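Reviewing the structure listed below.
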Amino acid sequence: MTDLTRRMIIVGNWKMFTDREDGPVLAAELVHLVDDLGLDIDLVVCPPFTGLHAVSEGLNGSCIALGGQNMHWSTEGAYTGEVSPRMLLTSGCRYVILGHSERRTYFGETNEMVNRKVRSALTAGLTPIMCIGETLAEREAGETEAVVATQVEEGVQGLDADGVEKMVLAYEPIWAIGTGQVATPAQANAVHHHIRHVLTGLFGRDTASILRIQYGGSVKPDNAAALFSESEIDGALVGGASLDASSFIAIARAVLGRS
Ligand code: PEP
């Protein structure tokens, strides 16, 4: 049974795509297309850091919010190449993606580092979108539930229920990211259900039922509606398809098919 109290959230992760020229163009296309959407959902785009300012200006006055793709946990300091929560906030961000599998795989981010970032984002007033998910080898070894449980437990360490309720989780099976291989709605829903079970054990049923869990991994206009019809799926974190304005808005429109 769908919990109607959870507001759907669709987030576009632009990754290391778009520059000073085409970022604002994409933002303008989105603003144009979203105009007549009339959907009561949260829509967020996360451009690269260098595009935040221009995209923020382009989104101004629209219902589309801005997010960063990563941040350091410190307020400021000698951390070459990093950005702080406050830098994101003052660039117009309300959200930040943390612990994306590409950060974990290519840049060595651990659950402990992700946890520090999550706590820092909440303290700063940003909504963390914490990504978790298993590799193909882990799924084939029957370890999916254990892997995501550890990622959740270690990722929310030290938080209270209030903090957890403000977060968004993105379940992104690594084998489905950028591969065109999407988890079936039933597979995704089962993992989301398990994640909520883990959170219930940690924070109680009310908190677990408030936190939103997105699915991510090759979400496209033609598979979004089936995913969104599952009761535990509260939206999507979209990579490739978010770089095309009409595809991203078509995914948002698929929320309408949710019963
Ligand atoms: C992602 O990078 O978070 C993602 C889900 O990418 P894609 O939609 O391209 O699989």
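No lab work stands behind these numbers, since they all come straight from the coordinates. Fair warning: this is a prediction, and the values are worked out from it, not measured in the lab. Cβ: placed from backbone, ideal geometry, glycine included. Neighbour counts: every protein chain shown.
Here are some notes:
- The packing ranking of peptides 104-114, 164-174, highest mean first, is 164-174, 104-114, where packing means the average number of other beta carbon atoms within 10 angstrom of each residue.
- Going by neighbour counts of Cβ atoms within 10 Å, the residues ILE10, ILE249, ILE210 line up, fewest first, as ILE210, ILE249, ILE10.
- Of all DSSP beta bridges confined to the range 9-257, the antiparallel ones make up roughly 0%.
- Charged-residue dipole, Cβ positions (Lys, Arg, Asp, Glu), the chain about Cα centre, Debye nearest 20: 260 debye
- Positive-end residue, the range 1-136 charge dipole about Cα centroid, Cβ charges, pick of LEU43, THR80, TRP14: THR80
- Axial C-alpha extent at least 24 Å, average Kyte-Doolittle at least -1.0 - helices from the chain (DSSP): 185-203
- Packing-based ranking, highest mean first, of 64-76, 236-248, 185-197 given that Cβ atoms within 10 Å are counted: 236-248, 64-76, 185-197
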